[in-house]
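The values are calculated or read from the model by the stated rules, or taken from the named source; none is laboratory data. Fair warning: this is a prediction, and the values are worked out from it, not measured in the lab. So basically every Cβ, Gly included, is an ideal-geometry build from the backbone, and we count neighbours across all protein chains shown. Keep in mind that these areas ignore ligands, DNA and RNA; they rest on the heavy atoms of the full protein, side chains included. Shrake-Rupley method; radii C 1.70, N 1.55, O 1.52, S 1.80 Å.
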Amino acid sequence: MKKPVSTRYAAKAVGISLMTLQRWIADEDIRPPALQIVNGRATRLWKADDLERLRQTKEKVYCRGRGRK
């Protein structure tokens, strides 16, 4: 991945939903990239190394839940 991507596309690239990624950011499970102003809007631009950290976090956190009932 050569260009930085938005949070929505970062979640899609890793295979999680946008809401899951936003919850991880809010719960401080992952440290997001700094906000940048693009076309007058604040956005987080995820680079390749950020996506790799996100994949590693997914392996640790995503399946840690209670499992099936």
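Listed values, structure above:
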{"quantity": "Point-charge dipole on Cβ atoms (K/R +1, D/E -1) for the stretch 1-49, about Cα centre, debye to 20", "calculated": "320 debye"}
{"quantity": "Whichever aspartates and glutamates have a C-alpha closer than 19 Å to that of Lys3, once near sequence neighbours (fewer than 8 apart) are set aside", "calculated": "Asp49, Asp50, Glu52"}
{"quantity": "Aspartates and glutamates whose Cα lies under 20 Å from that of Lys47, excluding same-chain neighbours fewer than 8 positions away", "calculated": "Glu28, Asp29, Glu59"}
{"quantity": "In sequence order, calculated HN-Hα J values of the stretch 27-34 (Karplus, 6.51, -1.76, 1.60; Hz; x Gly/Pro)", "calculated": "7, 6, 6, 9, 8, x, x, 5"}
{"quantity": "222 nm mean residue ellipticity, helices alone, for the chain (DSSP H n ≥ 4; -39,500 (n - 2.57); rounded to 500)", "calculated": "-11000 deg cm²/dmol"}
{"quantity": "Protein-only accessible surface order, largest first, of Val61, Val38 at 1.4 Å", "calculated": "Val38, Val61"}
{"quantity": "Under the Debye formula (equal points on every Cα, no solvent term), log10 I(q)/I(0) of the chain at q = 0.13 Å⁻¹", "calculated": "-0.37"}
{"quantity": "Relative contact order (percent, whole number), the chain, Cα cutoff 8 Å, 6+ residue spacing", "calculated": "35 percent"}
{"quantity": "Ala34-Lys12 FRET efficiency (beta carbon distance; Förster radius 25 Å; 0.05 resolution)", "calculated": "0.75"}
